[in-house]
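Right, one structure below, let's go through it.
The values are calculated or read from the model by the stated rules, or taken from the named source; none is laboratory data. Predicted, not measured: the structure shown is a model, and the values here were computed from it. Quick reminder, even Gly has a Cβ in these numbers, built from the backbone with ideal geometry, and neighbours come from all protein chains shown. Just so you know, the surface numbers come from the protein's heavy atoms only, side chains and all, with ligands and any DNA or RNA stripped out. Shrake-Rupley method; radii C 1.70, N 1.55, O 1.52, S 1.80 Å.
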Amino acid sequence: RHPKVQVAVKRSLSREIPSALLRYEIDLGVLSFNPQNPDLESAVVSVDELCLIVPRRHRLARSGGVSIRELGEEQFIAHNIASPYRQRVIETFARYHTPLQIAAELPTVETIKKFVAMGMGVAFVPRMCVQEELARREFVALPVSELRIQRKLRLIYRRHSTLSAAAQGFLEIARALAENQPGTRTRES
């Protein structure tokens, strides 16, 4: 809709994005949590879930689902950055007195997927990051009976500041797309 607008995407740690917004270093941020700052507003633009992926030839691939206790025997490939989602996984394993065996901690979801594909372990990843691999049947996503983690992806921006025309257009398109996705409420503060 706006062919002359260029979008620059800058990768950053999630915890740094609210501060970068408040310092006017960026116009919009994407987070999977609400920063709970009165100077920021957020719009939920997508709903995703954390899913357990295993290689297609893994012993659990045909099981249709697993329990936390069954996962105590597995080697996990994990993201090396602390997050609320990682903490929920750790707490769930602890609640069921099940060891969470982390074989490797890696910096990106892409690297995690490569390790899982090589049979080095299993992983919890955002479903949106493995849709293509699931469609090609490279991985199997298994429901975990005791663990369902939904992620709301949000565009965040300064509450009391006017957005640039490009940022405003981006936000409007993201909100329009979100309206067609179940489970999204586009305005939250």
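Ranking L21, P107, P143 by how far each Cα lies toward the positive end of the dipole of the chain (charges on Cβ) leaves P143 at the top.
Helices of the chain meeting both criteria, an alpha-carbon length of 20 angstrom or more along the long axis and an average Kyte-Doolittle score not below 0.0, with helices taken as full DSSP H segments, are 165-179. Solvent-accessible surface of the stretch 75-189, taken per residue with a 1.4 Å probe and all protein chains present: 58 Å².
For the chain, give me the percentage of DSSP beta bridges that are antiparallel, rounded to the nearest 5 percent. Can you show the working numbers first?
Numbers: 23 of 30 bridges.
Taking every DSSP beta bridge within the chain, about 75 percent pair in antiparallel fashion.
Per DSSP H run of n ≥ 4, the term is -39500 (n - 2.57); total these for the chain, divide by its residue number, and report the mean residue ellipticity at 222 nm rounded to 500 deg cm²/dmol. So the calculated ellipticity at 222 nm is -7500 deg cm²/dmol. Per atom type, the stretch 102-176 shows carbon and sulfur on 54% of its accessible surface, probed at 1.4 Å. The fraction of Cα-Cα pairs per 5 angstrom bin, counted from 0 for the chain, comes to 1, 7, 14, 17, 17, 14, 12, 9, 6, 2, 0, 0 percent, rounded to whole percents.
Taking N as the residue count of the stretch 43-141, its C-alpha radius of gyration divided by 2.2 N^0.38 Å amounts to 1.04.
Tell me which GluC sites (Glu not before Pro) from the stretch 11-45 have a DSSP coil assignment and no more than 16 other beta carbons within 10 Å of their own.
On the way: sites: E16, E25, E41; in loops: E25.
Answer in residue order: E25.
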